[in-house]
1. Considering only residues that are of a type outside the set (Gly, Ala, Ser) and under 16 Å from Trp43 (Cα atoms), look in the range 379-392 and name the one that is surrounded by the fewest Cβ atoms within 10 Å (Cβ to Cβ).
2. Residue under question is His138, and the condition is that it be modelled with pLDDT of 95 or more and touching a helix residue (DSSP H, G or I) at 6+ places or on another chain (Cβ under 8 Å); does it hold?
3. Has the range 203-210 got any residue that is open to solvent by less than 10 Å² (accessible area, probe 1.4 Å), at pLDDT below 95 and outside any strand (DSSP E or B)?
4. Can you go through Lys25, Lys46 and tell me which one is free of Cβ contacts under 8 Å to residues at least 60 places away in the same chain and open to solvent by 70 Å² or more (accessible area, probe 1.4 Å)?
5. Among the residues of the range 339-353, write down those that are open to solvent by 10 Å² or more (accessible area, probe 1.4 Å) and closer than 21 Å to Gln216 by Cβ.
6. What are the pairs with Cβ atoms under 8 angstrom where one residue, in the range 360-376, is touching a residue at least 24 places away in the same chain (Cβ under 8 Å) and the other, located anywhere, is open to solvent by 60 Å² or more (accessible area, probe 1.4 Å) and in a loop (DSSP other than H, G, I, E, B)? Sequence gap at least six, or different chains.
7. For the range 82-111, enumerate the residues that are within 30 Å of Lys59 (Cα to Cα), assigned to a loop (DSSP other than H, G, I, E, B) and in contact (Cβ under 8 Å) with a residue 24 or more places away in the chain.
8. Just checking, does the range 287-296 include any residue being touching a helix residue (DSSP H, G or I) at 6+ places or on another chain (Cβ under 8 Å), closer than 28 Å to Phe174 by Cβ and of a type outside the set (Gly, Ala, Ser)?
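The values are calculated or read from the model by the stated rules, or taken from the named source; none is laboratory data. Everything quoted here is computed from the prediction, not taken from an experiment. Here the Cβ positions follow ideal geometry from the backbone for every residue, glycine too, while neighbour counts run over all protein chains shown. Just the protein is used for accessible areas: all its heavy atoms, side chains included, with ligands, DNA and RNA removed. Shrake-Rupley method; radii C 1.70, N 1.55, O 1.52, S 1.80 Å.
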Amino acid sequence: MSKILGVCSALLCTHAAVAANIQTKFEGKFDFSYDTGSESVSWLDKGWGATRFGKNDNKLSVSRAALAGRIDFADSWSFQGVAQYVPDPKTTVGFTEAFLEYSPAAQGYHVSTKLGAFYPKMSLENTGFGWSSPYSYHYSALNAWLGEEIRTIGAELVIKRPARKFRSKYDFSFHGAVFKGNDPAGTLIAWRGLLPHDRQTHLNERIGFAPLYSLQKPQLSKQWQHSDPFHEIDGRFGYYFGAHLEYLKKHSLRVYWYDNNGDPAVLNETIGQYAWDTRFLSVAWKSKLTKQTHLVAQAMSGSTAMGKARGVNNDFHSWFLLLSHKWQDYRFSARFEQSKVIDKDHWVFDPNASDNQALTLHASRAFSERWRAGVEWLYSDSWLSYRYKSGLPYDVKDKVWRATISYQF
């Protein structure tokens, strides 16, 4: 990760010295929230709660503050980054993205490249400022997990066939990337499950989870009590490739295959992290039923494994359906989702199965270009197989209210 950022910084300084015309743009957003939280301890506080904020957290907070910057150079290069502040589990500030992009003008096919740390563009839900969602405060479970454990730390190539330049009704683009530093991705799927929330992980940030009885066993005793999702463990390159198809700017399809190419037998004892073999297929769809009404759907299916002889071995599936309508200055959204982790290994001391269903209802109003306020209700029904070892019921139902005032500049 440090090498990638070093290359980005060196190239940035070189171009800054020679560029005759540099343009800069900075934007920011603050979310002031009141969250009722759940009666359980949040997973961020190393509990078994299914929501971001639990009984130990402040109900009133700046739930997220983000600053996005872009520097455009005269020779088609740009540097882009997103820094954020979050209050949980402790006050932290860090980057979620930082990359260089080369995007030259073209008459026909358009070719662009990225180098650095960034999100793969799998989601049609998280298309708002700083990879947030314009439809709701909580992200769907599958996109929440992408925001936690998935980041491209490498290079991406995009080849686009713009509809306008070919007098076509279809836009098409191919996206392919190679990366390192995403080996522990899958840790939270196995030992916490897929849950809806809006907490994005900083680059090189650790994410904790509830104390596990299984990590006291000899087979897992070298695994530490957290996920370090952006570390390189086995020296291998991961990859993904995807295709975007858009029809008349009304209907969009994104299909991605992701494989971190991890060697599950490799362990970095210095940081207590294994390389997980994590791969999945993601399919996202968006239809503008009218100019004001959008339908968004996404499904993900994959597998993740770690340890010698794949001692922890799980399949996972997640999907959601979201309907959003904008009326004057108001937005109303509803999303239903289901996520499931299937335990396939034979380590009975380490149960990983989980099942979560959630319903999210959202209403908000824009008072100006800068100010928006809204309220959201999340109902979560989570079943986690590991809860019983902590004397808790398998199944927990949470009903959470959130009121948010947002300021964007």
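1. To start, the set of residues in the range 379-392 that are of a type outside the set (Gly, Ala, Ser) comprises 379, 381, 383-384, 386-389, 392.
Checking which are under 16 Å from Trp43 (Cα atoms) leaves us with 381, 383-384, 386-389, 392.
Values: Asp381: 15, Trp383: 18, Leu384: 27, Tyr386: 23, Arg387: 19, Tyr388: 11, Lys389: 15, Leu392: 16.
Checked the range 379-392; the qualifying residue surrounded by the fewest Cβ atoms within 10 Å (Cβ to Cβ) is Tyr388.
2. Yes.
3. Step one: filter the range 203-210 for residues open to solvent by less than 10 Å² (accessible area, probe 1.4 Å), giving 207, 209-210.
Now narrow it down to the ones that are at pLDDT below 95: 207, 209-210.
Applying the additional criterion that residues be outside any strand (DSSP E or B) yields 209-210.
Yes, there is a match, as at least one residue in the range 203-210 is open to solvent by less than 10 Å² (accessible area, probe 1.4 Å), at pLDDT below 95 and outside any strand (DSSP E or B).
4. Working: Lys46 fails: free of Cβ contacts under 8 Å to residues at least 60 places away in the same chain.
Going through Lys25, Lys46 in turn, just one is free of Cβ contacts under 8 Å to residues at least 60 places away in the same chain and open to solvent by 70 Å² or more (accessible area, probe 1.4 Å): Lys25.
5. Of all residues in the range 339-353, those open to solvent by 10 Å² or more (accessible area, probe 1.4 Å) come to 340, 342-349, 351, 353.
Passing the criteria: Asp343, Asp345, His346, Trp347, Val348, Phe349, Pro351, Ala353.
6. Hits for this filter: Arg365/Asp329; Ala366/Asp329; Phe367/Asp329; Arg370/Phe409; Ala373/Phe367.
7. Of the residues in the range 82-111, the ones within 30 Å of Lys59 (Cα to Cα) are 82-97.
Then keep just the ones that are assigned to a loop (DSSP other than H, G, I, E, B); that gives 87-91.
Scanning the range 82-111 gives Pro87, Asp88, Pro89.
8. First pass over the range 287-296, keeping only residues touching a helix residue (DSSP H, G or I) at 6+ places or on another chain (Cβ under 8 Å): none.
No, because not a single residue in the range 287-296 is touching a helix residue (DSSP H, G or I) at 6+ places or on another chain (Cβ under 8 Å), closer than 28 Å to Phe174 by Cβ and of a type outside the set (Gly, Ala, Ser).
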